[in-house]
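Take a look at the structure set out below.
The values are calculated or read from the model by the stated rules, or taken from the named source; none is laboratory data. Keep in mind that what you see is a predicted model, and the values were worked out from it rather than measured. For neighbour counting, all protein chains shown are included, and Cβ atoms are generated from backbone atoms with ideal geometry for every residue, glycine included. Keep in mind that these areas ignore ligands, DNA and RNA; they rest on the heavy atoms of the full protein, side chains included. Shrake-Rupley method; radii C 1.70, N 1.55, O 1.52, S 1.80 Å.
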Amino acid sequence: MGSCEEHTLTLDTLNPNVIELQYAVRGPVVIRATEIENELASGVKKPFNKVVKANIGDCHATGQRPMTYIRQVLALCTYPELMNSPDFPADTKERAKKILEECKGHSLGSYSDSCGISLIRKHVAQYIEARDNYPSDPNDIVLSTGASDAIKSVMTLLLTGKGGSDRAGFMIPIPQYPLYSAATAEFGAYPIPYYLNEKNNWSLGISELERAINESRDKCKPRAIVIINPGNPTGAVLTKENIQGIIKFAKQEKLFILADEVYQHNVYAEGAKFFSFKQVLMELGAPYSQMELASFMSASKGFMGECGYRGGYAEVINLLPEVRAQYYKSISAKLCPPISGQVVIDCIVNPPKQGDPSYSLFIKEKEFVLEKLKEKAELITKLFNSIEGISCNQVMGAMYAFPRIYLPDKAIKAAEASGQSPDAFYCFALLEETGICTVPGSGFREEPGTYHFRTTILPQVEELKEVLTKFESFHLNFISKYS
């Protein structure tokens with residue numbers, strides 16, 4: 001390595017937006033967790049023998065088994081010679097053949113159209129139609145490299161290309177999924193935080209939206225509102241009435257709606273139900289049904305958990321034709337999303353039908369995963385609320401709990417002395433003493449003066465019970481130490 005003078009890129013010349021960008025889900029606590037894993041592997045003795053990474057919604061990493069149907073179709077598409085094997089049901093072979101017929105050269109190794117394979121876009125539109133009871137146009141569907149890529153592609157359209165008070169503003173829920181704060185930082189845009197009401201089950205008040213946008217007007221040009229439903233990291237599920245209010249607010253303020261709906265299959269609480277923004281928009285009728293809306297879905301969540309295949313899609317409606325042309329042009333610069341990820345999306349939106357050879361096993365596996373997630377959501381909510389110094393809203397949906405921790409002043413001062421936020425201080429101590437890796441609430445942003453952490457509900461039930469027992473012991477000792 002030479003001196004800084006020899007390098008084009010130094011911290012002084014690096015894009016300042018990259019330096020500002022933070023992504024807590026893979027942040028300092030997680031980096032330390034990986035170091036500890038390496039220490040354990042090299043024989044270093046710890047008070048535990050395994051790191052439990054509860055920092056990220058990676059289902060298969062925590063032991064969830066892949067859906068047989070999805071993997072069979074993928075295998076057949078990847079290695080078509082398996083079509084001759086008697087080990088694959090007829091409907092999986094038929095699905096693989098149809099997908100391969102749509103691939104150039106009948107191979108997953110070829111590029112697709114930039115917006116994705118047309119047959120799969122058609123199937124996505126049919127899925128949305130069946131879900132919402134309103135028409136969906138395949139031309140409004142763009143397949144993507146996970147939902148994250150689709151979200152950033154649409155956000156890019158909304159940038160102003162200007163700075164200062166003319167830069168684009170994005171209304172972002174607090175607490176939020178760090179993709180949104182990271183993307184706004186990367187794009188040089190302005191995050192407009194609106195706070196979810198923890199005291200009322202993380203509900204979203206319209207008066208809070210009005211406060212947030214009014215306070216931002218001299219700092220940016222508000223362009224869009226981000227909604228995450230079911231919520232990440234909160235696990236809350238919006239009511240239809242709440243969604244109606246948000247849509248009316250967005251109409252009044254001329255905001256583009258970005259609806260992150262990747263957890264639409266993950267709703268557990270009694271009486272809770274997922275309503276898509278598209279459905280509610282259409283139910284409201286004109287002029288709301290003509291509003292611009294992008295809704296996002298992923299192969300990584302739900303009951304599938306196929307994070308590594310990077311499959312996702314966006315449905316983007318009511319764009320002006322000339323704007324849609326520019327959107328498609330920007331998409332084309334990325335060539336196409338992974339073809340295997342597109343195959344996974346096809347299996348999700350067009351699963352086996354009753355009477356198909358794969359149907360009964362598919363339903364059995366799907367229901368098993370969702371029932372276990374429901375059991376874990378109830379278990380984790382109940383346990384956190386039974387521990388002194390912690391409160392946790394009901395995990396209604398998604399894959400996370402976001403409990404509030406009430407830290408003694410002595411712990412807060414110790415955190416300040418170590419140069420850490422109090423919740424990061426807590427999460428580092430939890431990791432070092434138990435091997436449990438969580439994410440500090442400050443990484444998602446939170447109401448000033450409150451402290452939280454996010455944990456997944458994904459570990460298998462027996463492991464989760466063991467983790468929660470360890471956690472309770474740690475927490476009580478931590479509070480006692482700093483009281």
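Being of a type in the set (Asp, Glu), open to solvent by 10 Å² or more (accessible area, probe 1.4 Å) and assigned to a helix (DSSP H, G or I): is that true of Glu446 here?
no
Keeping to the stretch 92-103, report how many residues are within 31 Å of the chain's Cα centre (by Cα) and among the acidic types (Asp, Glu).
Matching residues across the stretch 92-103 total 1.
Conditions tested, residue by residue: (1) out of contact with any Phe, Trp or Tyr (no Cβ under 8 Å at 6 or more places or on another chain); (2) of a type in the set (Ser, Thr, Tyr); (3) more than 22 Å from Met297 (Cβ to Cβ).
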| residue | (1), (2), (3) |
| --- | --- |
| Tyr190 | no, yes, yes |
| Lys199 | yes, no, yes |
| Ser207 | yes, yes, yes |
| Lys219 | no, no, yes |
| Val237 | no, no, no |
| Lys251 | no, no, yes |
| Asp260 | no, no, no |
| Gln264 | no, no, no |
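For Ala150, indicate whether it is open to solvent by less than 10 Å² (accessible area, probe 1.4 Å), touching a helix residue (DSSP H, G or I) at 6+ places or on another chain (Cβ under 8 Å) and in contact (Cβ under 8 Å) with a residue 60 or more places away in the chain.
no
Just the residues that are part of a loop (DSSP other than H, G, I, E, B) and either within 24 Å of the chain's Cα centre (by Cα) or basic (Lys, Arg) (or both), please, taken from the stretch 104-126.
Ser114, Cys115, Gly116, Ile117
Scan the stretch 165-198 for residues that are open to solvent by 10 Å² or more (accessible area, probe 1.4 Å), part of a loop (DSSP other than H, G, I, E, B), touching a strand residue (DSSP E or B) at 6+ places or on another chain (Cβ under 8 Å) and not hydrophobic (A, V, I, L, M, F, W, C) and jot them down.
Result: Arg167, Tyr177.
Just give me the residues in the stretch 321-369 being of a type in the set (A, V, I, L, M) and within 19 Å of Cys307 (Cα to Cα), in sequence order.
Ile339, Val343, Val344, Ile345, Ile348, Val349, Val369
Is there any pair with a first residue in the stretch 275-286 that is over 13 Å from Gly245 (Cα atoms) and a second that is among the aromatic types (Phe, Trp, Tyr) and modelled with pLDDT of 95 or more whose Cβ atoms are under 6 Å apart and which are 6 or more apart or on different chains, and what are they?
From residues that are over 13 Å from Gly245 (Cα atoms), the pairs are Met282/Tyr134.
Do you know which of the residues in the stretch 239-272 that are part of a helix (DSSP H, G or I) and of a type in the set (D, E, K, R) is nearest to Asn318 (Cα to Cα)?
Lys251
Out of Ala212, Ala269, I need the residue that is of a type in the set (A, V, I, L, M, F, W, C), surrounded by fewer than 23 Cβ atoms within 10 Å (Cβ to Cβ) and over 16 Å from Tyr180 (Cβ atoms). Which one?
Ala269
Given (1) touching an Asp or Glu at 6+ places or on another chain (Cβ under 6 Å); (2) among the small types (Gly, Ala, Ser); (3) modelled with pLDDT of 95 or more, identify the lone condition not met by Ala299.
(3)
When you go through Ser300, Ser207, Ser289 one by one, which is the residue that is crowded, with 16+ Cβ neighbours inside 10 Å, in a helix (DSSP H, G or I) and polar (S, T, N, Q)?
Only one candidate passes the filter, namely Ser289.
Does the stretch 153-164 hold any residues that are open to solvent by 60 Å² or more (accessible area, probe 1.4 Å) and more than 21 Å from the chain's Cα centre (by Cα), and which are they?
Gly161, Lys162
Here is a check on your reading of the model: is Leu458 surrounded by 21 or more Cβ atoms within 10 Å (Cβ to Cβ), at pLDDT below 90, part of a helix (DSSP H, G or I) and out of contact with any Pro (no Cβ under 7 Å at 6 or more places or on another chain)?
So Leu458 fails the test.
Between Arg65, Arg32, which is farther than 30 Å from Leu100 by Cβ and touching a helix residue (DSSP H, G or I) at 6+ places or on another chain (Cβ under 8 Å)?
The conditions single out Arg32.
Take Pro222 and tell me if it is touching a residue at least 40 places away in the same chain (Cβ under 8 Å), assigned to a strand (DSSP E or B) and open to solvent by 10 Å² or more (accessible area, probe 1.4 Å).
Yes: the conditions hold for Pro222.
Which pairs do you get when a residue that is at pLDDT 95 or above and among the small types (Gly, Ala, Ser), found in the stretch 355-375, comes within reach of a residue that is open to solvent by less than 70 Å² (accessible area, probe 1.4 Å) and not in a helix (DSSP H, G or I), reach meaning Cβ atoms under 9 angstrom, with the pair 6+ apart or on two chains?
What qualifies is Ser358/Pro89; Ser358/Pro351; Ser358/Pro352; Ser360/Pro352.
Does Arg65 meet the test of being part of a helix (DSSP H, G or I), open to solvent by 40 Å² or more (accessible area, probe 1.4 Å) and of a type in the set (Lys, Arg)?
Against the criterion (part of a helix (DSSP H, G or I), open to solvent by 40 Å² or more (accessible area, probe 1.4 Å) and of a type in the set (Lys, Arg)), Arg65 does not qualify.
Search the stretch 406-439 for residues being farther than 16 Å from Asn477 by Cα and in contact with a Lys or Arg (Cβ under 8 Å, 6 or more places away or on another chain), and hand back the single one that is surrounded by the fewest Cβ atoms within 10 Å (Cβ to Cβ).
So the residue we want is Cys437.
Would you check which residues across the stretch 333-380 are closer than 30 Å to Thr469 by Cα, surrounded by fewer than 22 Cβ atoms within 10 Å (Cβ to Cβ) and under 20 Å from the mean Cα position of the chain (by Cα) and list them?
Within the stretch 333-380, Lys366, Val369, Leu370, Lys372, Lys374 meet the criteria.
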